[in-house]
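Undergrad: Pasting in a structure now, in structure tokens, and then I'll have a few things to ask.
The values are calculated or read from the model by the stated rules, or taken from the named source; none is laboratory data. Note that the structure is predicted; figures quoted are calculated from it, not measured. FYI the Cβ positions are ideal-geometry reconstructions off the backbone, even for glycines, and counts take in every protein chain you see.
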Amino acid sequence: MGTLQHIQHQISALNDLIKINNDRIAGYQKALESTEDFSLKGIFEGYADQSRGYINELNDYIHLLGGSPADGTTLSGKFYHAWMDVKSAFAKKDANSVLSDCEYGEDVAKSAYRKALDDKELIWEDDKVVTLLTSHMNGLKMAHDAIKSLRDSTKQSA
């Protein structure tokens, strides 16, 4: 793979992560609309803001590579959010189901970051981007574990 192709592959991978973060923000927006619980609303807003911060950092690195940052969401994210809309039209959204949806979204985000970090064709020559992606991945793991713990506690109290 030539240098230009390598850089384009890196930009593409980082843009995919931007789209995943946009999916995550959209998911937490839906979660915000689905609950009246103010403590959950605060958590959901915090995780949406976390993704906004990740997007800003990814944008900066894409600019350093000479690329243009993506906007929008992934096609699979659009399908998932449409499914959540249909599902919520027919079912009452309790805290447990909202948190289950959020946990699924966190799993998808973690998987996308893992894929980018493990991609053998993406030889990240800049340690800063590896550190950045690893930091994002660690934040996503913590968010996942917190959401899962909240979900499990709502299941036990139900």
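Undergrad: Quick one: in region 2-25, of everything that is among the aliphatic types (A, V, I, L, M) and farther than 12 Å from residue 109 by Cβ, which residue is farthest from the chain's Cα centre (by Cα)?
TA: For region 2-25, the residue satisfying everything is 4.
Undergrad: Which residues, taken from region 101-142, are of a type in the set (Ser, Thr, Tyr) and over 15 Å from the mean Cα position of the chain (by Cα)? Before the answer, list the steps.
TA: Just the residues of region 101-142 that are of a type in the set (Ser, Thr, Tyr), to begin with: 104, 111, 113, 131, 134-135.
Answer for region 101-142, where residues must be of a type in the set (Ser, Thr, Tyr) and over 15 Å from the mean Cα position of the chain (by Cα): just 131.
Undergrad: Checking the structure you have, find out if any residue of region 9-20 is at pLDDT below 95, under 21 Å from residue 137 (Cα atoms), buried (at least 20 other Cβ atoms within 10 Å of the Cβ) and among the hydroxyl-bearing types (Ser, Thr, Tyr).
TA: Checked against the condition, which is being at pLDDT below 95, under 21 Å from residue 137 (Cα atoms), buried (at least 20 other Cβ atoms within 10 Å of the Cβ) and among the hydroxyl-bearing types (Ser, Thr, Tyr), region 9-20 yields no hits at all.
Undergrad: State the number of residues belonging to region 26-50 that are within 17 Å of the chain's Cα centre (by Cα) and touching a residue at least 40 places away in the same chain (Cβ under 8 Å).
TA: 9
Undergrad: Quick test for you: out of 141, 128, 148, pick the one residue that is within 15 Å of residue 50 (Cα to Cα) and in contact (Cβ under 8 Å) with a residue 24 or more places away in the chain. Can you show your working first?
TA: On the way: 128 fails: within 15 Å of residue 50 (Cα to Cα); 148 fails: within 15 Å of residue 50 (Cα to Cα).
The conditions single out 141.
Undergrad: Only one of these conditions is not met by residue 71: (1) at pLDDT below 85; (2) exposed (fewer than 13 other Cβ atoms within 10 Å of the Cβ); (3) assigned to a helix (DSSP H, G or I). Which number is it?
TA: So residue 71 meets the others, but not (3).
Undergrad: In region 112-125, what residues are in contact (Cβ under 8 Å) with a residue 40 or more places away in the chain, closer than 25 Å to residue 46 by Cβ and of a type outside the set (Gly, Ala, Ser)? Lay out the reasoning, then the answer.
TA: Kept after step one, since they are in contact (Cβ under 8 Å) with a residue 40 or more places away in the chain, are these residues of region 112-125: 112-113, 116, 119, 121-124.
Then keep just the ones that are closer than 25 Å to residue 46 by Cβ; that gives 112-113, 116.
113 - this is the single residue of region 112-125 that is in contact (Cβ under 8 Å) with a residue 40 or more places away in the chain, closer than 25 Å to residue 46 by Cβ and of a type outside the set (Gly, Ala, Ser).
Undergrad: Identify the residue in region 81-100 that is out of contact with any Ser or Thr (no Cβ under 8 Å at 6 or more places or on another chain) and either of a type in the set (S, T, N, Q) or surrounded by 20 or more Cβ atoms within 10 Å (Cβ to Cβ) (or both) and, among all such residues, is modelled with the highest pLDDT. Before you say what the answer is, go through the steps one by one.
TA: Within region 81-100, the subset out of contact with any Ser or Thr (no Cβ under 8 Å at 6 or more places or on another chain) is 82-87, 89-90, 92, 97, 100.
When the remaining residues are screened for being either of a type in the set (S, T, N, Q) or surrounded by 20 or more Cβ atoms within 10 Å (Cβ to Cβ) (or both), the result is 84, 97, 100.
Values: 84: 57, 97: 87, 100: 90.
Only one residue tops the list, namely 100.
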